Amino acid sequence: MKLVELCQPIRLLLCDVDGVMTSGQVILDNQGIETKQFNIRDGLGIMLWKKADLDFGIITGRSSQSVRLRATELSIDIVRQGIQHKLKTAEELVEQLKLTPDQVAYIGDDLPDLPVIRWAGLGVAVADAADEVKAGANHQTAACGGQGAVRELIETILKAQQRWEELIQHY
């Protein structure tokens with residue numbers, strides 16, 4: 001199936017954090033405080049996604065205050081941290097939202113993401129993802145994790161749904 005066709009039914013975009021919304025580096029200072037660096041264009045893309053009345057969620061294996069802060073800043077309501085079995089969480093979310101797997105896009109970078117990538121209607125690997133993740137995905141971004149991969153995917157889906165131009169009119 002072509003990418004444009006896979007994008008048509010998407011209503012929920014689920015995203016890993018480390019290696020997708022960030023470069024995958026975790027910085028710990030001398031007091032053990034963790035720092036993450038998020039891409040600002042990803043943030044605007046997420047805001048446009050939500051403006052299109054579509055759902056966005058985070059499913060991440062680690063837990064951190066910086067993810068909570070970034071999610072709050074972007075008004076992301078679906079935030080699941082410390083998740084070891086991401087597929088189970090994704091299935092629960094789809095049931096709660098009364099969607100089907102073909103209405104879900106998931107973007108990830110490493111082996112814990114692979115089950116959800118294979119399950120989702122549109123499974124996406126970032127450019128620097130593990131080889132197994134790339135092989136299991138329907139699509140691969142040109143951008144690496146933390147370098148605008150989320151924004152790239154959002155633009156791809158919204159353009160395929162012919163919604164991008166209406167969303168950027170006021171810019």
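Could you grab me the full set of residues in the range 69-99 that are in a helix (DSSP H, G or I), touching a strand residue (DSSP E or B) at 6+ places or on another chain (Cβ under 7 Å) and under 16 Å from Asp55 (Cβ atoms)?
Ala71, Thr89, Ala90, Leu93, Val94
If only one of Gly82, Gly121, Gly57, Gly32 is of a type outside the set (D, E, K, R) and within 13 Å of the chain's Cα centre (by Cα), which one is it?
Among Gly82, Gly121, Gly57, Gly32, only Gly57 is of a type outside the set (D, E, K, R) and within 13 Å of the chain's Cα centre (by Cα).
When you go through (1) of a type in the set (Phe, Trp, Tyr); (2) more than 22 Å from Ala130 (Cβ to Cβ); (3) in contact with a Lys or Arg (Cβ under 9 Å, 6 or more places away or on another chain) one by one for Phe38, which number turns out not to apply?
Only one criterion in (1) of a type in the set (Phe, Trp, Tyr); (2) more than 22 Å from Ala130 (Cβ to Cβ); (3) in contact with a Lys or Arg (Cβ under 9 Å, 6 or more places away or on another chain) is unmet by Phe38, namely (2).
Are any of the residues in the range 125-136 under 13 Å from the mean Cα position of the chain (by Cα) and at pLDDT 95 or above?
Yes, there is a match, as at least one residue in the range 125-136 is under 13 Å from the mean Cα position of the chain (by Cα) and at pLDDT 95 or above.
Taking the range 89-121, which residues are buried (at least 24 other Cβ atoms within 10 Å of the Cβ) and touching a Ser or Thr at 6+ places or on another chain (Cβ under 9 Å)?
Those that are buried (at least 24 other Cβ atoms within 10 Å of the Cβ) and touching a Ser or Thr at 6+ places or on another chain (Cβ under 9 Å): Ile107, Val116.
Out of the residues in the range 61-73 meeting the condition of being crowded, with 17+ Cβ neighbours inside 10 Å and modelled with pLDDT of 95 or more, tell me which one is farthest from Lys159 (Cα to Cα).
Gly61
Using beta carbons and a limit of 7 Å, which pairs, at least six apart or on different chains, have the first residue in the range 119-137 and free of Cβ contacts under 8 Å to residues at least 12 places away in the same chain and the second one outside any loop (DSSP other than H, G, I, E, B) and not charged (D, E, K, R)?
Lys134/Ala125; Lys134/Gln140
Considering Ile58, Ile76, Ile27, which residue is under 18 Å from Thr141 (Cβ atoms) and either out of contact with any Cys (no Cβ under 6 Å at 6 or more places or on another chain) or surrounded by 19 or more Cβ atoms within 10 Å (Cβ to Cβ) (or both)?
Exactly one residue qualifies, and that residue is Ile58.
List pairs: first residue in the range 140-158 and in a helix (DSSP H, G or I), second residue of a type in the set (Asp, Glu) anywhere in the structure, Cβ distance under 8 angstrom, at least six positions apart or on different chains.
Ala149/Asp42; Val150/Asp42; Arg151/Asp42
Might you let me know whether the range 53-64 holds any residue that is touching a residue at least 12 places away in the same chain (Cβ under 8 Å) and in a helix (DSSP H, G or I)?
no
Does the range 24-44 contain at least one residue that is of a type in the set (S, T, N, Q), more than 21 Å from Arg151 (Cα to Cα) and out of contact with any helix residue (DSSP H, G or I) (no Cβ under 7 Å at 6 or more places or on another chain)?
Within the range 24-44, one or more residues are of a type in the set (S, T, N, Q), more than 21 Å from Arg151 (Cα to Cα) and out of contact with any helix residue (DSSP H, G or I) (no Cβ under 7 Å at 6 or more places or on another chain).
The values are calculated or read from the model by the stated rules, or taken from the named source; none is laboratory data. Since the model is a prediction, treat every value here as computed from it, not as a measurement. When we count neighbours, we look across all protein chains shown, and the Cβ atoms used for this are built from the backbone with ideal geometry, even at glycine.
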